[in-house]
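Inspection log for the structure reproduced underneath, given as structure tokens.
Coordinate-derived values only; no laboratory data. Keep in mind it's a predicted model, so treat the numbers as computed, not measured. Cβ placement follows ideal geometry from the backbone for every residue including glycine, while neighbour counts extend to all protein chains displayed.
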Amino acid sequence: MKRPKRHIIVVLLVCGLAALLVGRTITWRMWEYLNKLNQQIKKDQILLGQAEEEIKENAEYVEKMG
Amino acid sequence: MLGIDISEKMIRVVRLRRRGSGFLLLPPLEVPIEPQQADDPVALGKRLGEALRSRGWYKKKTVMTLPDRLCFIRRLPKEEIGGDHTKNKGRLHKTTVENLLNTARQTMLVSADDLVLDLWTKGRPLATKKPAEVKREAVILLGAAQKSVVDFCRELAVASGIKVLSLELRSLASVNGLLFNWHEASEENIAVVFLSSQQVDIAFMDVEGLFSLQTLKLTSGSEGSVKDSEVAFLQQLPRVFNTLKLSDPGRVPQRVFLGASSRLIGSLSPLAEQLRQKIGIEVSICSPEAGLVVAGSRKEKHNRPSETASHFPPASQLPSVSQVPSALHTPPTVADTADFQPAIGAALDGLAATPTWFDFRHPQGKFSEKKKPVSWKPFVFAAVASILLGCAFWLSLVQQKITERDQLNISLNQLQPELEKIAEAKNNWHRFRSYLPSSQGGDRLSYLNILYEINQIMPNTGEAYLTSLTIIGKKSTSPATPSDILITGRVSKGDVITGKVGPGEETTVKVSLQEITPAKDSQSDVSTGFIARLNNSNLFNKAEQAASLTLDVTDNLYPFSFSVTCNLRRTEKTTAK
């Protein structure tokens, strides 16, 4: 059996590691962006809920105070 | 180059060096195998490693023989192997390997799982040949050995830590150890026989080299006498030659080269003579030291191979087995060297001096089955497709989230005007709160309702204004404060409060009432004054003047001061509030 040359194995290992690192970074960034969007949506939902509740609670005041 | 020979009771190590056209044999080494260690490759390996280290041979390259077990060497025509075995850089196809394993199995009578193969063609092993070169070869030599034995030697080599280049069949190594006796033979067909006390190795060669190697067992146990071995040898060997004469008369050897181990080397001469008489072929006795320079010997010169039995020293001149010195650094005798014949053959293999050798450290056979060519393209396509699918899924998810966020923002923006109104209302409330006593508790919306209602009922600012508004809230039981609400203020005319008004005022009041309670206004024209409007309200009842109007001449615009009390209507709704 002809054994594979050592430098080819080393180059393959280095390339594999680099690809893994780049892939991991890209995946991490994508995940972070998605998380950020989710947080924004949650915050907006809470704000909307509070606003609707406030409007409902204060409808009578607004009528009388106006 | 080290040659290591593993026999049943002893590991023998020789070291050969090239010297000119010959080889220098350094004092060999023997490591006895204790019975309890015979089956333990790790223990044996450690012991061998220590012995080599003590001699300073630890880092030398080594060829090791496989211990005496079943082995098989047969020359096969290319057609017999079948299939295009030249594909994949000399590696064999699975079917070809199976055919070869079956061939070896029929002779060795062991299962195919316990067999390893190695192939050899003229010049070098098949694995190192280019496909084009293999195609040109007419014959291929097939060697087979037991896998368990090969594994044993591999473990031993790992445990000892020595650099083992290859593993050789012991039978072939024995024959190769006698190389300098037969490799210049003038005959076309020869046979090389190496006789040991338990077995005999017979190699048949023609002009193209080795074509068959057979091993015959002479005695069943290791304790058999020399006489028994000789008798068995003289009985079995002629049969082998006769079989060859019948099956392949064109390759019957014209000369037999006979070598032996130290135990039988004394009786080699009469054995050769008897064999010659039985098979009718000339027999030459091999010198164990032929072609070698033995280090430390007095002459230290090349030994020439003996041509015939008569040229070899008679047995009486050779030392007997008991006379072999135990100290290994002393120059070995001829009889000593005879025992190292397989080790010398292995070392010659490593030095590429022998014409035929196998390498069972890197055998073919089962191992080549794993080497199926696998295309990388499907894997790359699958990986790219997976990455693209993942990206598409992520983008769709992001798009969905962005849409959701935008919708929420639009909804929030739509609510902004409402929120602004609330903020304004809150601001107004804070302004009004400064008029309330800080100690007053209660529901602010109830106050707001009362204030809102009074604001609606109150006459115009030009006619009246409030100086105080007291909201007690609960109906008091004390006679001093019988009502819930006390309103005091100043008024321009008394009629504005009591309702006894003229036509002019009536119109004004009517306008005010229409804005507040248009239903009641349409039913009756009587209810006109502030008190009447209080009584008509949904929020108040029992409105009356608490005291008569008081005249204050100093105030021209609002000369009368008034005081009105009323109660809150206690409906279910207001009670709940």
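Data for the structure
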read-out	value
Chain A - mean residue ellipticity at 222 nm from DSSP helices (-39,500 (n - 2.57) per run, n ≥ 4, rounded to 500)	-32000 deg cm²/dmol
Ascending count of other beta-carbon atoms within 10 Å, so fewest first, for B:Glu30, B:Glu424, A:Glu32	A:Glu32, B:Glu424, B:Glu30
Charge context of B:Lys46, other residues only, Cβ under 14 angstrom, K/R +1, D/E -1	-2
Order of B:His362, B:His430 - criterion: other Cβ atoms within 10 Å of each residue's Cβ, fewest first	B:His430, B:His362
Inter-chain shielding of B:448-456 (mean C-beta neighbours from other protein chains, 10 Å cut-off)	1
Neighbour-count order for A:Lys42, B:Lys542, B:Lys401, fewest beta carbons within 10 angstrom listed first	A:Lys42, B:Lys542, B:Lys401
